[in-house]
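Notes to accompany the following structure.
Since every read-out is calculated from the coordinates, none of them should be taken as a lab result. Everything numeric in this text was worked out from a predicted model, so none of it was measured. Reconstructed Cβ throughout: ideal geometry from the backbone, glycine too, with neighbour counts over all protein chains shown.
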Amino acid sequence: MMDNTGIRKGSSEENMGKRSKLEIYYGVLEAIKRGMRKPTQIMYETFLSWNTLNEALELLISNGFIKKEERNDSKRRYFITDKGQEALSYYIKSIEDLIQV
C-alpha cells in the first residue's frame, strides 16, 4: 500500500513487495526525516534487512543526502541533510504529479 507520497506503508514486510533501489533510498530518507535516528529504528520502519539498510545508508552518506554522527557511547545517529531534504521533496512532488495525470 502506498501513501500519497508514493512511499509504501504497511504493517509487515510481506506488504512491501519488491522495491526498487530508488524506493528503498527514499524510504530511508523519509524514515530519517520523521525522526528515526538509530539504525535499528530505521531498519524496522523501512522493513529492510540489516545488510540492505547498511548499503543504503553508506550510499546516502557518500552522496551527501544524510550524515552520520558517532556518539561517545559508539552509537550511530543519522540526520537528513539539506541535499537529502531537497531530493525527498522532489521525489514526493514527482509522485504527486504522476498521480494527478
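Remark: relative contact order (the range 16-58) = 39 percent; criterion is Cα-Cα distance under 8 angstrom and separation of 6 or more residues. In order along the range 79-86, phi translates into HN-Hα couplings of 9, 7, 8, 4, 4, x, 4, 5 Hz, rounded to whole numbers, per the Karplus curve 6.51 cos²θ - 1.76 cosθ + 1.60 with θ = phi - 60° and x for Gly and Pro. Note that the range 20-37 has calculated 3J(HN,Hα) couplings of 6, 4, 4, 4, 5, 4, 6, x, 5, 4, 5, 4, 5, 4, 7, x, 6, 10 Hz, one per residue in order, obtained from phi through the Karplus relation 6.51 cos²θ - 1.76 cosθ + 1.60 (θ = phi - 60°); glycine and proline are x. A cut-off of 5 Å between modelled amide H atoms, ignoring neighbours fewer than 5 places along the same chain, links I66 with I61, T81.
Cβ-to-Cβ counts within 10 Å put F65, F47 in ascending order as F47, F65, the fewest first.
Averaging the sequence gap over all C-alpha pairs within less than 8 Å and six or more residues apart, then dividing by the number of residues, gives the range 13-100 a relative contact order of 28 percent. The magnitude of the dipole of the range 13-100, with charges of +1 and -1 set on the Cβ of Lys/Arg and Asp/Glu and taken from the Cα centre, is near 320 debye. If the limit is 20 Å between Cα atoms, which of K38/K67; K21/K83; K21/K75; K38/K68 go over it? Over 20 Å Cα-Cα: K21/K75.
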